[in-house]
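Data first, discussion second: the structure below is written as structure tokens.
The values are calculated or read from the model by the stated rules, or taken from the named source; none is laboratory data. Computed from a prediction, not measured in an experiment: that's the story for all the values here. We work out accessible area using only protein heavy atoms, side chains counted, and drop any ligands, DNA or RNA first. Shrake-Rupley method; radii C 1.70, N 1.55, O 1.52, S 1.80 Å.
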Amino acid sequence: MTFSWPWALVSLLIIPILCGITWLLRRRRRAAVRVTSIALVRAALPPRTRWTRLIPTLLLLIGFATLSVGAARPQATVPVPSNSTTIMLAMDVSGSMCSTDVEPNRLTVAQEAAVSFIESQDSETKIGLVAFAGVAGLQVPPTTDKDALIEAIDNFTTARGTAIGSAILTSIDSIAAINPTVAPTGVDAESAQRSGYAADVIVVLTDGANTQGVEPATAAESAAVRGLRVFTIGFGTTNPSRMACTGQQAGGWAGGGPGGGFGGGTRRNPRVIDEATLRGVAEITGGQYYKAESADQLQGALGDLPSHVTVVRKHVDIASWFAGAGGLLVAVAVGLSLWWNRVRASR
């Protein structure tokens, strides 16, 4: 918990001052009251324990302390829903995505899962699309146009290499282009630093390890200082499988063509997913890592994202809570004191 006006905590000094005044008044009262008739009246009144007499005083002091803390404008960091989320979906289109260990191949399953994810989002959520192989490229800037996103995904083509770090940096710049509170990658870390998470997130789906461009950990640090969480998904199995992409997916690869794939008779051990790096990227940025070895697991990973990406942590002013609690305590203390004195006076 932090305070907007910490100097207001000086008002807590009112508590020892009140205690001192109360002690002095009681001391004078005891010295002044020495008449026998008064003593007889006191003896006739219903007895009260020491704690009963102290309850109103204690409640009053606690109430004043609570009001003093409230005057300092306390703030708490709490999770709150966001209605302005931008999700950058960075998808691996390297050649290994043609592996058929997940039928019909990894890329087709990833495309179908991405389309389902996009269709499940509400109309206010902006989604951007980055495709990466040896380089990363922005396919669709953040938009609410689901048809444009789906069309871009359907037209994915594969290429050589895997540039996970570059995909993260491209996603950062895409978010910065529409969110002025997020600095682009050209800004130094000190100037880009922000407090708390941004409402925007990056989702990286890959089946391999970084082979080109900036290191993923370096890119993750750039995202972290900007408050951008990166959720990573490692997709694929370790089962040997043949490579087969459609003509559209194969793109410029040798062997690709309008009715077939490429390398259809070749079996290979798929590149091992660098889970340690993907997990590290998620930890650095405050995101989460998912491992998906099937279409259902991939759908589950993407389906779990909204519960994370639509909630951000913000500093919320909770002074009103302290003011309400403090006022209630003071009112109860005064009420108890008046009620007990009335009871005594009526006897």
Determine ³J(HN,Hα), in whole Hz, for all residues of the range 195-206 in sequence, where each value follows from phi through the Karplus function 6.51 cos²θ - 1.76 cosθ + 1.60 and θ = phi - 60°; x replaces Gly and Pro.
9, x, 7, 6, 6, 9, 9, 10, 10, 10, 10, 9
The range 196-236, accessible area per residue, ligands and nucleic acids excluded (1.4 Å, Å²):
23 Å²
How much accessible surface does Glu124 have with a 1.4 Å probe, in Å² rounded to 10?
110 Å²
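Sort Phe117, Phe64 by accessible area with a 1.4 Å probe, largest first.
From most accessible down to least: Phe64, Phe117.
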Answer rounded, prolate or oblate for the range 96-218, using the Cα gyration tensor with square roots of eigenvalues a ≥ b ≥ c: rounded when a/c is under 1.5, else prolate when a/b is larger than b/c, else oblate.
oblate
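Can you classify the range 133-190 as rounded, prolate or oblate using the Cα gyration tensor, where a ≥ b ≥ c are the square roots of its eigenvalues, rounded means a/c under 1.5, and otherwise it's prolate if a/b beats b/c and oblate if not? Could the numbers behind the result be given before it?
Working: a/c = 4.53, a/b = 1.29, b/c = 3.53.
Judged from the Cα gyration tensor, the range 133-190 comes out oblate (a/c at least 1.5, b/c at or above a/b).
Heavy atoms only, probe 1.4 angstrom, no DNA, RNA or ligands counted: give me Val115, Val187 ranked by accessible area, highest first. Walk me through the intermediate numbers first.
Values: Val115 25, Val187 50 Å².
Putting Val115, Val187 in descending order of accessible area: Val187, Val115.
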May I ask you to evaluate 6.51 cos²θ - 1.76 cosθ + 1.60, the Karplus curve with θ = phi - 60°, for each residue of the range 122-134 and list the ³J(HN,Hα) values in order in whole Hz, giving x for glycine and proline?
6, 6, 8, 7, 8, 10, x, 10, 10, 10, 9, 10, x
